[in-house]
1. Return the residue satisfying two criteria in turn: it lies in the range 441-484 and is assigned to a loop (DSSP other than H, G, I, E, B) and surrounded by 21 or more Cβ atoms within 10 Å (Cβ to Cβ), and of such residues it is modelled with the highest pLDDT.
2. For residues that are assigned to a loop (DSSP other than H, G, I, E, B) and closer than 17 Å to Val476 by Cα, scanning just the range 341-379, find the one that is nearest to ligand 2 (Cβ to nearest atom).
3. Yes or no: the range 502-513 includes at least one residue that is of a type outside the set (S, T, N, Q), within 12 Å of ligand 1 (Cβ to nearest atom) and either crowded, with 20+ Cβ neighbours inside 10 Å or closer than 18 Å to Ser228 by Cβ (or both).
4. Here is a list: Val420, Val438. Which entry is within 16 Å of ligand 1 (Cβ to nearest atom), modelled with pLDDT under 95, surrounded by 21 or more Cβ atoms within 10 Å (Cβ to Cβ) and part of a strand (DSSP E or B)?
5. Residue under question is Gly203, and the condition is that it be closer than 17 Å to Leu481 by Cα and touching a helix residue (DSSP H, G or I) at 6+ places or on another chain (Cβ under 8 Å); does it hold?
6. Considering only residues that are surrounded by 14 or more Cβ atoms within 10 Å (Cβ to Cβ) and modelled with pLDDT under 70, which ones fall in the range 80-122?
7. Do you know which residues across the range 252-271 are surrounded by 22 or more Cβ atoms within 10 Å (Cβ to Cβ) and either assigned to a helix (DSSP H, G or I) or in contact (Cβ under 8 Å) with a residue 40 or more places away in the chain (or both)?
8. Tell me, please, whether a residue that is more than 16 Å from ligand 2 (Cβ to nearest atom), modelled with pLDDT under 80, basic (Lys, Arg) and in contact with a strand residue (DSSP E or B) (Cβ under 6 Å, 6 or more places away or on another chain) can be found in the range 300-319.
Amino acid sequence: MLSRHLRASASRGCPSNNPISQQWRHHHHRRHARAPIAAASAAASTPAPPSPAGADPDPEGRRAHNARQAGAFSGPAVLETFSARQPPEIEARLARIARAATRGLANANANNAVSAAPPPPLRVVDVGAGTGCMVPHLRACGVEDILAVDVSEPMLTELRRAHSSAKTESETGSASATALLLGNTPAARTWCGDFVDLPAYMGPVDAVVFNAVYGNMHDPRRALLRASLLLRPGGRLVISHPLGRAWHEALRARDGDAALVPHALPADRAALAEAARGLPLVVEEDEFVDEGGQNEEGLFCAVLSVPPAYALDARAVPAVAAATSAGSGGGNCGGAGLAAGTPVLRLEAPIVRGFGRGSRQLGVPTANLDPRALAAGGLPLDPHALPRGVYFGWARLMAGEGGGGGDDDDYSVHPMVMNVGVRPTVNVGGQEDASVEVHVMHRYSASAATAGEQGGVSGQQQQQFAEFYGARMRVVVTGFLRPEIRFDGLPALLSRIKADIGVSKAQLLDERGGPHFAARRDAFLSSSP
Ligand code: RBF
Ligand code: MG
């Protein structure tokens, strides 16, 4: 959305002794006169679907905030200003942002392709797209499918007009412009609304770009969460501002702009890592410069990425090294069958009684690992030590003292998905303790034998792991999927758990040499208790 600020200044010439602030202020005054009308129309045209990023902690505040944003950036004067051309030095920065967003993506798509067929086209979500200043630059980087998202419908209308397919060839001067068409439609599609409401079926995408909008969002943290759920593994997330962080801070400090731009841009790598803490996102080394959060040109461009194949990343999960070496499994890298340097987390603990909801309410029974044993093994249930969220890997129930009945298969290695956290969807008052719960993708015979009819709710189903209370379970964790989310009720939670199970299974059972499949042979799982 700050692209509007940029447009407002740059479109008036952006002279070398650039009084950007004065230009913005001029623009600022004009738009205030028009804001109420535009806000009303924007509110009417903006859909309000249930939030896919989990229950909304502040729906009223968000609605008001978005109406204010839409109003501020929808008036005719603003549109006129923003539609004007950028000076070349700004265009060069936008081009650099587009390159940062797409770096390495096409190669990765080609490498992941099952056959020699051409890789799938790059798909990018341009958040706060405005009138589309990023569109030609993303196209120049080979992006075929751009989804432009903005709270202002008038801005998007202008974007569609300016970047229609008819104009594509003359704009890019490229003879291959027709190759930029997707499904016989213009390469840029638009979606009006708050990015955190973007339907999940719009994904997955290769990159999400927050250009000149991060500070304007109601809750940037939820936006990063939403982006991480929408991105494919290995996908990239860019937070950028072509006028730099200092300019952005000066804008925020100005009277009247604080409400419109409530959030600062991350000042350095540590702040960026903190903004993404607990999300499946790692800080990329390129582009971002610590000095004041901008490079030598004054460009602010921070890049995060989703670890390929959801692999655990020691940078994203700092506890991997500590927790693992303190556990009973040895180092955090390698192990039998694992490529050197593969981060893994090895845990062992007795199974304890949980709340029984997993089986009774969800049909997804979980073995709760004794938190005291985990803490003793060097893994306190502390989100700083291990981000709360959903992990996957392999599990084995250890035969031995405490173990119940069951057949041999109950004691072999099975794929598993693990939730670490406080279960905010069901633990509404937050009274219950944090837990580490393992759902093993195996139907245990000891329970199955005594369970009631299909779909029935028998005492045994309620307590699938009751037979095994006291038995020890070992898990080798190789993947991190997502943070823990407070969903709007059990059906939403269950849908997402089913998706987690599906994604995990696909990763774990992929024999083509990913980090996850090999981990089933980890020595920690094959050795005796
Ligand atoms: N509970 C939540 O409140 N939010 C979650 O995002 C969440 N994700 C889960 C993912 C998996 C794969 C599993 C097995 C459980 C998850 N849970 C989550 C915990 C769930 O609420 C819990 O298993 C049941 O309530 C039984 O204790
Ligand atoms: Mg349980």
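The values are calculated or read from the model by the stated rules, or taken from the named source; none is laboratory data. It should be emphasised that the depicted structure is a prediction, and the values quoted were computed from it without experimental measurement. Backbone-built Cβ (ideal geometry, glycine too); neighbour counts: all protein chains shown.
1. Restricting to residues being assigned to a loop (DSSP other than H, G, I, E, B) and surrounded by 21 or more Cβ atoms within 10 Å (Cβ to Cβ), the top hit is Ala471.
2. If we take residues in the range 341-379 being assigned to a loop (DSSP other than H, G, I, E, B) and closer than 17 Å to Val476 by Cα, then Thr366 is nearest to ligand 2 (Cβ to nearest atom).
3. The answer is yes; a qualifying residue exists.
4. Sole residue among the options that is within 16 Å of ligand 1 (Cβ to nearest atom), modelled with pLDDT under 95, surrounded by 21 or more Cβ atoms within 10 Å (Cβ to Cβ) and part of a strand (DSSP E or B): Val420.
5. Criteria met by Gly203.
6. Ala108, Asn109, Asn112, Pro119
7. Within the range 252-271, Leu260, Val261, Leu265 meet the criteria.
8. yes
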